[in-house]
Amino acid sequence: MVVFNIRDLEDELRPVAMYIVLSHIWNIVRTQQKKRMLIVDEAWQLMKYDDSANFMFSLAKRARKYYLGLTTITQDVEDFMGSKMGRAIVSNSSMQLLLKQSSSAVDVLGDVFKLTEEERKRLANFPGRAGVILCRAESRSYPDCRQRHRNWLDYHQPAGNTAASRRSAAEEQT
């Protein structure tokens, strides 16, 4: 595991540093393909600027092709969802884990994810570790989301990126 810690940087430099680090990681991911997980904490900071928000969106759209699982984490969901790219990233995710939220955040999330009234009530009133896991076609409430962490990472073989298809493509070029 490699961790890039930019916590001690000045607030103005943090988004730039995050962008540089993510760009470096993306270059490695594209050249050395293997299963990996990229976790971006405080992702809302990247949504504040168009360039870094577009970069994150592009990363989210292309990650699976390169065996990369992408997790974005934010405690300030309203800032993340306030960005056009942030909404697109979240809406296109295969899975979302929502822990207890403020009532204003519940309204935003409820609209984005088409939550039922019951899910909205639960989301606003959950105790500490409880949450809702949304998986494209279904949603479930869990009293302790740590029990479900093994299922969060779902790696799929990217279409057309098997060893056999790469050999076939190489043979066609010769």
| query | Would you pick out the residues in the range 72-108 that are within 12 Å of Leu134 (Cβ to Cβ), without any contact (Cβ under 8 Å) to a residue 24 or more places away in the chain and either of a type in the set (Gly, Ala, Ser) or in contact with a helix residue (DSSP H, G or I) (Cβ under 6 Å, 6 or more places away or on another chain) (or both)? | reply | Ser91
| field | Any hit, the range 34-51, residues being hydrophobic (A, V, I, L, M, F, W, C) and more than 16 Å from Tyr19 (Cα to Cα) | value | yes
| request: Consider Ala63 carefully, then state whether it is under 14 Å from the mean Cα position of the chain (by Cα), over 28 Å from Ser102 (Cα atoms) and small (Gly, Ala, Ser). | output: yes
| Looking only at helices (runs of 4 or more DSSP H) that fall completely inside the range 1-96, which ones have 3 or more residues that are touching a strand residue (DSSP E or B) at 6+ places or on another chain (Cβ under 9 Å) and aliphatic (A, V, I, L, M)? | 14-31, 50-62
| said: Which condition from (1) touching a helix residue (DSSP H, G or I) at 6+ places or on another chain (Cβ under 9 Å); (2) at pLDDT below 85 is the one that Gln33 breaks? | reply: (2)
| message | Taking the conditions exactly as written (within 29 Å of Arg129 (Cβ to Cβ) and surrounded by fewer than 17 Cβ atoms within 10 Å (Cβ to Cβ)), does Val2 satisfy them or not? | response | yes
| Identify, please: which residue in the range 97-133 is β-branched (Val, Ile, Thr) and not in a strand (DSSP E or B) and is, among those, surrounded by the most Cβ atoms within 10 Å (Cβ to Cβ)? | Val106
| Can you tell me how many residues in the range 81-93 are at pLDDT below 80 and under 17 Å from Leu38 (Cβ atoms)? | 1
| field | Condition met for Val40 (crowded, with 19+ Cβ neighbours inside 10 Å, under 22 Å from Ala130 (Cβ atoms), among the hydrophobic types (A, V, I, L, M, F, W, C) and within 12 Å of the chain's Cα centre (by Cα)) | value | no
| Can you find even one residue in the range 51-59 that is surrounded by fewer than 17 Cβ atoms within 10 Å (Cβ to Cβ) and hydroxyl-bearing (Ser, Thr, Tyr)? | yes
| request: Give me the pairs, please: first residue somewhere in the range 28-53 and within 16 Å of Met1 (Cα to Cα) and in contact (Cβ under 8 Å) with a residue 12 or more places away in the chain, second residue anywhere and of a type in the set (Lys, Arg) and outside any helix (DSSP H, G or I), beta-carbon distance under 8 Å, and either six or more positions apart or on two chains. | output: Val29/Arg36
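The values are calculated or read from the model by the stated rules, or taken from the named source; none is laboratory data. The shown structure was predicted, so the numbers you read here are calculated from the model rather than taken from an experiment. Quick reminder, even Gly has a Cβ in these numbers, built from the backbone with ideal geometry, and neighbours come from all protein chains shown.
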